[in-house]
Ligand code: SF4
């Protein structure tokens, strides 16, 4: 840690900051949440951008702001309405935490918190998000470290160890603290992120067009391709799962996924992991009776969806079944029997929505 950071002296900082500011006066990105001093909008955009690309976030950001224009509106929202707007963006705990944090802010008087100490205890707000809000919205010095700056800082320092390890994070956060100036820190932090996103890119960084090339250790060592160390890829596990659309009088059984499960708070069709040697129909009929109550007869396989969740590559067979006789529900879940025309009211997981659309195409409402 000492080695890399000891090279960062006052002279280096002065050269780096002025080169970056000159470049950013002409080279920054034009984003819908840019030049915005509204902490609510900064917060929403930064949470949406975690693990998600700018292009994917833009339409979600606009729809979300239209529906929930301020903290009070978000605090008063139903969780299902928030998740319906979040549908397809993934990492749904982000949307649920936004609403919870809005409720805390409103309960504390409704003023948006302005300091790291006030922001960090809120649900879903980590060090980066708090730093972004404090610097972008309130223009106060606060360090930032996210995917683009992690790569940029690692190269500037020539940091060859794992930047995601605890020790690596300590080095990079210390560097971020040194970097951030007292004058216009918000604009400066945005310039760092823009440089990482547009010039110091993951592959083939544009070093010949880089405004801070003279300050870059990786370039001096011709080590841009090796820095930062890539994240370790988890081993892929193939699994088979099954959806069952259980039908009774033209309505289908859906349930709200409980806390602690994937896609908590979203609605879904009964879904099961298939043991490798199971007789699928028999297994599903038994599982449905055990988990939900009704006796069912599995009829046809409607479609197959292939998708990935973290390290799991999932082949998901989608079945239709009919409820037989008395189909009283014994499940502990929140459930509903809904017509295909009502599917749009519920927030579904991405695969749940795909299956709902498949069902809507294959049947007509009673
Ligand atoms: Fe990144 Fe190249 Fe600039 Fe160094 S010189 S910061 S590697 S773009």
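Here are a few things to note about the model shown:
- Enumeration of residues in the stretch 61-76 that are touching a residue at least 12 places away in the same chain (Cβ under 8 Å) and either within 15 Å of residue 49 (Cβ to Cβ) or not in a loop (DSSP other than H, G, I, E, B) (or both): 61, 62, 63, 64, 65, 67, 71, 72, 74, 75
- Among the candidates 168, 158, residue that is within 16 Å of the ligand (Cβ to nearest atom) and surrounded by 15 or more Cβ atoms within 10 Å (Cβ to Cβ): 158
- Test: residue in the stretch 314-335 that is more than 24 Å from residue 79 (Cα to Cα) and in a helix (DSSP H, G or I): no
- Per-region count, the stretch 103-125, residues surrounded by fewer than 12 Cβ atoms within 10 Å (Cβ to Cβ) and either touching a helix residue (DSSP H, G or I) at 6+ places or on another chain (Cβ under 7 Å) or within 24 Å of residue 170 (Cβ to Cβ) (or both): 2
- Screening the stretch 201-296 for strands (runs of 3 or more DSSP E) wholly inside it with 3 or more residues that are surrounded by fewer than 16 Cβ atoms within 10 Å (Cβ to Cβ) and in contact (Cβ under 8 Å) with a residue 40 or more places away in the chain returns the ranges 237-248.
- Subset tally (residues that are away from the ligand (no atom under 16 Å from the Cβ) and farther than 21 Å from residue 304 by Cα) for the stretch 216-254: 9
- Residue within the stretch 39-60 that is touching a residue at least 60 places away in the same chain (Cβ under 8 Å), within 23 Å of the chain's Cα centre (by Cα), surrounded by 13 or more Cβ atoms within 10 Å (Cβ to Cβ) and not in a helix (DSSP H, G or I) present: yes
- Selection within the stretch 302-313 - loosely packed, with under 14 Cβ neighbours inside 10 Å and at pLDDT 90 or above: 304, 306, 308, 311, 313
- Residues of the stretch 179-192 classified as surrounded by fewer than 21 Cβ atoms within 10 Å (Cβ to Cβ) and within 16 Å of the ligand (Cβ to nearest atom), total: 0
- So residue 303, is it in contact with a strand residue (DSSP E or B) (Cβ under 6 Å, 6 or more places away or on another chain), in contact (Cβ under 8 Å) with a residue 60 or more places away in the chain and in the same structural domain as residue 246 (by TED's automatic domain parsing): no
The values are calculated or read from the model by the stated rules, or taken from the named source; none is laboratory data. Predicted model, so just to flag it, every value in this text is computed and none were measured. Glycine gets a Cβ as well: all are built from the backbone with ideal geometry, and neighbour counts include every protein chain shown.
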